[in-house]
Amino acid sequence: GKHRIVIPCLGHFKEEYEKISKLYMNNKIRTTRYTLLNFLPRNLFEQFHRVANLYFLFLVVLNWVPLVEAFQKEITMLPLIGVLTIIAVKDGLEDYSRYKMDKQINNLLTKVYSR
């Protein structure tokens, strides 16, 4: 029939516990969207799915064409950079608060009942 292996994480059983526990997935909760490595590219990818940001990007690119140039190139980039920065800071702070909550939940003490 079905059976399970229970190895206490104590003393001389610790090595055996670590060896067997690598075979199974952990049950940690992770609700964050970003890591330090993928924050910037993933955040920019998500922000440019918004029509308003694409419109400002179109204006910036269009202003680099000499025949169409209406303003100075740097001035046209300011609204886009400002909006992208504010939204990135907001998303980063929200994701950090999710990370702290996940860490708090994952470190809670639990009770295991058995028959």
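A few points about this structure:
- The set of residues in region 53-101 being β-branched (Val, Ile, Thr) and part of a helix (DSSP H, G or I) consists of Val60, Val61, Ile75, Thr76, Ile81, Val83, Thr85, Ile86, Ile87, Val89.
- Count - residues of region 78-89 that are within 17 Å of Leu40 (Cβ to Cβ) and either over 20 Å from the mean Cα position of the chain (by Cα) or touching a residue at least 60 places away in the same chain (Cβ under 8 Å) (or both): 3
- Selected residue (criterion: surrounded by the most Cβ atoms within 10 Å (Cβ to Cβ)) from residues of region 33-52 that are part of a helix (DSSP H, G or I) and among the aromatic types (Phe, Trp, Tyr): Phe39
- Matching residues in region 53-82 - criterion: being among the aliphatic types (A, V, I, L, M), surrounded by 12 or more Cβ atoms within 10 Å (Cβ to Cβ) and either closer than 22 Å to Arg30 by Cβ or touching a helix residue (DSSP H, G or I) at 6+ places or on another chain (Cβ under 7 Å) (or both): Leu57, Leu59, Val60, Met77, Leu80
- When Lys103 is tested against (1) under 30 Å from Ala52 (Cβ atoms); (2) without any contact (Cβ under 8 Å) to a residue 12 or more places away in the chain, just one condition goes unmet, and that condition is (1).
- Options Lys28, Lys22: the member that is of a type in the set (D, E, K, R) and surrounded by fewer than 10 Cβ atoms within 10 Å (Cβ to Cβ): Lys22
Every number here is computed from the coordinates shown, using simple stated rules; none is lab data. Computed from a predicted model, the values in this text were never measured in an experiment. Cβ coordinates were reconstructed from backbone atoms using ideal geometry, including for glycine residues, and neighbour counts include every protein chain displayed.
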